[in-house]
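What follows is calculated from the coordinates using simple rules that are stated; it is not laboratory data. These numbers come from a predicted model, not from an experiment. Positions of Cβ are backbone-derived with ideal geometry, glycine not excepted, and every protein chain shown enters the neighbour counts.
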C-alpha cells in the first residue's frame, strides 16, 4: 500500500520500497513576475531569473600569467535596454513570454540554450520589439528588472 499526503509545502510518500522501484517527479515551472525593490519586476521560471542581455564589448585592462585570467572593462554597444518596458497582458502573468528549452539544458547559465522569448515595448521607437531573455548569470552585462506599461 502506498500513501501520498501533502504536508504544508512538502509531499510525504509512505510506501514499502522494493529494489527497482522508481519515482518520477515533474515540476511545473511557469513564468512568473517577481516584484523588485525599485517598483519594477523581473521574470522568473522555477529558480532561474531571466535578464535582457545588453550587447557589449570587453576591453582587456590587465593580463595575468595564468591562462584565461584577465581584468577587463565592459562597455555597452546598444542602448535598447534603457528604453524598454514589459507590456501587461490581461490573460497571463508571463507578459507574453514563452520558455524555449535548448538542446542542452543541463547547465542553463553556461550552455545558454534555454531562454525566454517575447516582446517588450520600446518607449523611444513607440512599438513592440522582439527580445530574448537569458538566465541572469549567463551574460556579463544585463538588465534584470523592468517597468510595466
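One table, with the values for the structure above:
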{"read-out": "Relative contact order (percent, whole number), the chain, Cα cutoff 8 Å, 6+ residue spacing", "value": "24 percent"}
{"read-out": "Pairwise FRET efficiency - residue 30 versus residue 122, Cβ, R0 = 22 Å, nearest 0.05", "value": "0.25"}
{"read-out": "Fraction of antiparallel bridges per DSSP, the chain only, in percent to nearest 5", "value": "95 percent"}
{"read-out": "Gyration tensor verdict on segment 27-148 (Cα atoms; rounded if a/c is under 1.5, prolate if a/b is larger than b/c, oblate otherwise)", "value": "oblate"}
